[in-house]
Amino acid sequence: MTLKLGVPSKGRLMEKTFDWFGKRGVTLRKSGSDREYAGAVDGIDGVELVLLSASEIPRELAAGRIHLGVTGSDLVRERLANWDSQVVELAPMGFGGADLIIAVPDCWVDVDTLEDLDAAAAAFRSAHGFRLRIATKYHRSVREFLKAEGVADYQLVDSQGATEGTVKNETAEAIADITSTGETLRANGLRILSDGLIHASQATLFRGRRRDWTDGQRVTLKELQSVLGI
Amino acid sequence: MTTTEQILCRAEALRAQFADLGGQVVNADVLQPAETLLDLYGEDIRARAYVTSDPLRGEIMLRPDFTVPVVQMHMETFAEPARYTYSGAVYRKQEHDASRANEYIQVGYEVFDGQDIAGADAEVFAAISKAVEGLPLRSATGDIGLLTAAISGLKTSDARKAALLRHLWRPRRFKSLLDRFCGRTPTPKFRTKLLAADDPFEGAWADISLRSRSEVNARIEALRDDAKTPAIGAEERDLLDAILGLQETLPNVMSALRDIAVDLPAIAGAVETLARRTEALASHGVDVNALRFEGSYGRTNMEYYDGFVFGFYSTVRADLPPIATGGRYDALTAQLGAGRAVPAVGAVIRPDLLLAVEEGL
């Protein structure tokens with residue numbers, strides 16, 4: 001049985017992953033035409049490359065259909081309940097960095113921290129009759145963060161894209177989203193809370209925590225780790 | 001290993017026991033409109049209950065408990081006193097512990113009686129106590145009403161009291177607010193700067209939010225008032241901490257509270273309520289001299305309780321969730337009844353856990 005390594009199937013994340021492995025002596029490449037999602041691995045035996053969407057990698061790792069996978073640490077935390085009981089972080093890879101943050105309208109000059117947000121939410125709810133809306137697609141991460149921080153009187157509304165625009169469109173009062181430079185936030189009149197960092201994400205090599213690996217697969221993982229120096 | 005038949009059989013026996021006490025047998029739909037529950041419990045309920053969608057009815061929830069539907073049903077008649085009992089499955093997501101059941105039977109007993117509050121509290125506790133008689137369980141009790149009375153009696157602004165009361169169920173936020181109100185943590189620089197600014201909006205983006213400028217200004221005014229409010233004194237803080245830290249048998253707690261009430265007279269009424277409840281418990285045959293009272297009991301996950309709270313736990317299987325829990329929830333009925341509250345107290349018991357405890361004997 002080979003060890004299946006899941007890697008994002010396109011874009012910069014794929015290229016950077018290929019570079020990262022390449023620098024460490026393991027060559028990953030797409031086999032066949034550029035449009036074909038099949039891959040090959042040189043430099044180590046027993047490892048098979050599987051190309052798939054970065055957002056599906058957490059689920060596939062948890063299900064044991066792939067053994068290793070490269071994806072954003074934010075996606076693993078969001079998609080897997082009790083993520084660290086299902087997968088193990090083998091190596092942060094130093095690229096694909098982005099922060100999951102909470103941002104509010106810049107015109108809320110009274111709101112700088114979660115404590116302010118919580119107070120604003122209480123007043124908002126009694127003035128408007130519904131809970132202050134936070135637009136996000138990272139429901140689990142945001143909910144767990146706000147619960148731990150003791151923020152109340154909010155609700156999450158789903159936003160799968162253009163989340164920064166929801167405040168201006170008055171479908172949400174605040175947002176929780178991924179940002180790398182903060183450019184889009186500023187362009188939409190939003191400001192990050194000073195203690196609003198939920199998670200600093202980067203591309204990370206994970207392994208599944210399945211107990212049914214064969215001895216061969218375990219040996220291959222050891223070899224791969226020694227080649228990669230992780 | 002207990003079978004489903006055994007659990008159902010036990011559930012039926014428990015419900016019959018509660019029916020004998022005068023409980024009218026009621027039922028509730030498995031599918032509940034999500035909106036009411038979400039509005040009551042907030043976003044946290046999504047992590048605990050199964051939310052699904054119906055093409056015509058919108059978001060619906062698999063019944064996470066019977067309390068809300070039973071209160072709604074009661075509010076169709078408001079007949080008092082009323083007693084209800086029910087038995088059925090509830091559904092709870094378990095995001096962190098796969099060993100906990102996500103579907104289990106609850107048997108409940110709810111009493112709506114505004115004439116004799118202490119008596120109703122005692123009646124429900126005694127009913128559960130009798131149902132678990134002879135098993136190796138310990139009980140713990142508490143009183144959220146005592147805590148709200150203590151907070152309401154602090155010598156500070158209404159805004160600060162409201163903030164503390166709102167976060168009574170979130171101990172971490174509660175403590176950080178209290179630390180700030182007591183002057184133990186400094187005012188954030190951001191806030192000092194904001195209050196000192198001639199034009200707080202200078203340099204800020206144009207208004208884009210449903211939370212309008214007048215709301216922002218109102219909060220700035222509130223912050224200004226708060227900045228002028230004197231710190232809560234160390235003595236009062238110590239009294240509050242003493243109440244929160246109580247962990248004793250009921251008679252010892254009563255004597256401690258009577259001492260505290262000398263310096264914090266606002267709790268006197270709550271202490272009398274507790275005394276009347278203790279008497280009522282004794283008259284129901286509960287051994288009050290051995291009954292445990294914890295000042296902070298019910299603060300972590302029982303947001304809708306606002307008076308007497310209690311739970312029963314296995315002494316041999318510490319890994320099990322509480323076998324039975326209950327308490328008074330007058331405020332919940334006020335929210336559901338659009339302001340019209342009915343005094344209500346109730347409890348639920350899990351026959352599956354009862355059997356698990358018995359199996360280990």
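The values are calculated or read from the model by the stated rules, or taken from the named source; none is laboratory data. None of these values were measured; they are calculated from a predicted model. Positions of Cβ are backbone-derived with ideal geometry, glycine not excepted, and every protein chain shown enters the neighbour counts.
General remarks:
- Selection from region A:66-113 of residues that are buried (at least 19 other Cβ atoms within 10 Å of the Cβ) and within 9 Å of another protein chain (Cβ to nearest Cβ): A:Val104, A:Pro105, A:Asp106, A:Cys107, A:Trp108, A:Val109, A:Asp110, A:Val111, A:Asp112
- Of all residues in region B:31-57, those being loosely packed, with under 14 Cβ neighbours inside 10 Å and either touching a Lys or Arg at 6+ places or on another chain (Cβ under 8 Å) or within 14 Å of chain A (Cβ to nearest Cβ) (or both) number 3.
- Residues in region A:86-119 that are within 20 Å of B:Ala204 (Cα to Cα), in a loop (DSSP other than H, G, I, E, B) and in contact with a strand residue (DSSP E or B) (Cβ under 7 Å, 6 or more places away or on another chain): A:Asp106, A:Val111, A:Asp112, A:Thr113.
- Breaking point among (1) outside any helix (DSSP H, G or I); (2) hydrophobic (A, V, I, L, M, F, W, C); (3) crowded, with 19+ Cβ neighbours inside 10 Å, for B:Val124: (1)
- Region B:206-257: number of residues that are touching a Phe, Trp or Tyr at 6+ places or on another chain (Cβ under 8 Å), assigned to a helix (DSSP H, G or I) and of a type in the set (Asp, Glu): 1
- Residue that is modelled with the lowest pLDDT [pool: residues in region B:92-144 that are touching a helix residue (DSSP H, G or I) at 6+ places or on another chain (Cβ under 8 Å) and within 14 Å of chain A (Cβ to nearest Cβ)]: B:Glu95
- Which listed residue is in contact with a strand residue (DSSP E or B) (Cβ under 8 Å, 6 or more places away or on another chain), more than 14 Å from chain A (Cβ to nearest Cβ) and either of a type outside the set (Val, Ile, Thr) or surrounded by fewer than 17 Cβ atoms within 10 Å (Cβ to Cβ) (or both), from B:Leu257, B:Leu246, B:Leu239: B:Leu246
- Filter result for B:Leu62 (surrounded by 15 or more Cβ atoms within 10 Å (Cβ to Cβ), free of Cβ contacts under 8 Å to residues at least 24 places away in the same chain and either out of contact with any Pro (no Cβ under 7 Å at 6 or more places or on another chain) or within 14 Å of chain A (Cβ to nearest Cβ) (or both)): no
- Filtered by the rule that a residue be of a type outside the set (Gly, Ala, Ser), more than 7 Å from every other protein chain (Cβ to nearest Cβ) and farther than 11 Å from A:Val109 by Cα, region B:194-208 gives a lone residue, B:Asp198.
- Here B:Thr273 meets each of (1) within 14 Å of chain A (Cβ to nearest Cβ); (2) under 30 Å from B:Leu21 (Cα atoms) with one exception, condition (1).
- Taken over region B:135-163, the residue count meeting the criterion of being over 21 Å from the mean Cα position of the chain (by Cα), among the small types (Gly, Ala, Ser) and surrounded by 18 or more Cβ atoms within 10 Å (Cβ to Cβ) is 0.
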